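Chemist: Starting off with a structure, shown below.
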């Protein structure tokens, strides 16, 4: 049989890797893969500028696996990722592509998990190490030679690593690696800090650039809907009635919201499931597999849980809760419209969130059009259309198979054919409203236009800094406020603290509450349950090169 020369086969990758890629269903390389794989296979250093959703993980995973020697039981490739979730995602991708390569082992190294098994896996010869910088530095303090055999280094999402305060850790890691290694750097943006790293640590790198952030979302039809916060579930159910979707992912902010919304959808007959940071990895994989093969149609997820999710069936993204920043918005809606496919993204906006909508439009350079909740007539038409589609295939031979039974039922009940048909329709629709008046009573009352907020009516609205200078906001139940001596004068931002605690504390994003950065100190809200254990985990954590030293904050 003649081997194909197109697709991934054109790269002359190891046949076992090609077989694993084929098993995933990928046929044609994306733009970043097409340009990067030959460069990395040839052993060159490289700088790749690409967004999430462009296929960059396979762009470095496939050529690196091709160059791995399974016979050598020692670390040969190191991939650095800014967060635990991305590290796990990358490690899973390597395991998938190496499935038919006997002897190749992958280990994920990240905070929040026991160090002993991680270090043992490295010493036992895992050829691929995927790590967060902070935890990897912890291992280097125990064994500075643990990376001495690495000859391939990848920095994935390098700009995010610097935002999270890992510059000092990266320098420690660079010094521990052989100078002859190949270094590949991927970043969505190339600020001066990234360019400085490239100048110091990459040798004559080749450059690959794929798409800007704005281009990433231009293929996706975007719209927003104004809705009151307590009516989001009703609005979602109304939208689902009229949206023609294959598979759909909904984003919310908290773990509890994923469970509540998924439960509400299941109660309405939708095949839905929750996906959040507290769900075990094997269960996450089952949910994603079910979404891929059609056993599920809707997944309700937090940002952390959905990172790297790529399911071709996803035609729609619902942002039920507003994302924390424009970058998160771009990442969320990138779950649809991938690899040239069409996609639609809907954003639910409460009156108090209009300013964030404006920020999103400014950053993405695109207007997110406003749409209205479907009216009763649209919902009625949609319900009748679904009923028509379900009955049409049954009509052809129904009279021959059930005609006699129909005559008997009419006689036994003593009713007209029309009355019997109406009764059967009521049963088939499970009592679902199919009149305009009944549907009107179901619909939430959403604002027709954005009402002015109270602070606007009374004068200038205070900015975020003004709000934070007021008395501390009362703690939510189950949270404790902690203090660190690191503040703005130390070059600390809230995202630095967030990243460090996520990576080293092993928490889900929604477990961390309000973060307030003052000039000489910062306050962080953490879960009350298990707080002492968490603080012990974070004891040696460093942010921007300085010890975090979090302590419980006593306001009295």
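Chemist: When only alpha-carbon atoms are used, what values of Rg and Dmax, in angstrom, describe segment 215-376?
Modeler: Reported Rg and Dmax, both Å: 14.6, 42.
Chemist: Quote to one decimal, in nm, the extra length available between residue 22 and residue 123 on full extension: 0.36 nm per residue of separation minus the C-alpha distance between them. Could the numbers behind the result be given before it?
Modeler: Values: separation 101, 0.36 × 101 = 36.36 nm, distance 3.20 nm.
Result for the pair: 33.2 nm of gain on full extension.
Chemist: Shifting gears a bit: How large is the Rg to Rh ratio of the chain when both quantities use alpha carbon positions and Rh follows Kirkwood?
Modeler: Using only Cα positions, Rg/Rh for the chain is 1.03.
Chemist: Which percentage, to the nearest 5, of the DSSP beta bridges contained in the chain is antiparallel? The partial results should precede the final answer.
Modeler: Details: 13 of 63 bridges.
Roughly 20 percent of the beta bridges in the chain run antiparallel, per DSSP.
Chemist: Describe numerically, in nm with one decimal, the distance between label points set 7 Å from Cα along Cα→Cβ at residue 366 and at residue 244.
Modeler: Once both label points are built, they end up 2.1 nm from each other.
Chemist: Under 17 Å from the 7 Å Cα→Cβ point of residue 256, by amide nitrogen: which residues of segment 514-545?
Modeler: Residues 514, 525-530 fall inside that zone.
Chemist: Another one. Counting each DSSP H run of 4 or more residues in the chain as -39500 (n - 2.57), what helix-only mean residue ellipticity at 222 nm follows after dividing by all residues, to the nearest 500 deg cm²/dmol?
Modeler: Values: 23 runs with 237 residues, N = 556.
Taking each H run of at least 4 residues, the total per residue is -12500 deg cm²/dmol.
Chemist: Starting with the highest mean, order 411-421, 100-110, 348-358 by the number of other Cβ atoms within 10 Å, averaged over the residues of each peptide. Don't skip to the end; give the middle numbers.
Modeler: On the way: 411-421: 10.6, 100-110: 19.4, 348-358: 16.8.
Top to bottom by mean Cβ count within 10 Å: 100-110, 348-358, 411-421.
Chemist: Along its principal axes, what span do the Cα atoms of segment 479-552 show, with the longest given first and each in whole Å?
Modeler: 31, 21, 19
Chemist: Applying a 10 Å radius around every beta-carbon, put 280-286, 172-178 in order of their mean neighbour count, most first. Spell out each step's value before the answer.
Modeler: Numbers: 280-286: 12.1, 172-178: 16.0.
Packing proxy ranking, top to bottom: 172-178, 280-286.
Chemist: On to the next question. Would you mind putting 87-95, 125-133 in packing order, based on average other-beta-carbon counts within 10 Å, highest first? Can you show the working numbers first?
Modeler: Working: 87-95: 21.6, 125-133: 24.9.
The most tightly packed comes first, giving 125-133, 87-95.
Chemist: Let me ask you something else. If you fit an axis through the alpha-carbon atoms of helix 417-428 and take the longest principal axis of the Cα set of the chain, what angle between them do you get, 0 to 90°, nearest 10?
Modeler: Its long axis makes an angle of about 20 degrees.
Just so you know, all these numbers are worked out from the coordinates, no wet-lab data involved. In this text, all values refer to a predicted model and were calculated from it rather than measured experimentally. Every residue, glycine among them, receives a Cβ derived from its backbone with ideal geometry; neighbour counts consider all protein chains shown.
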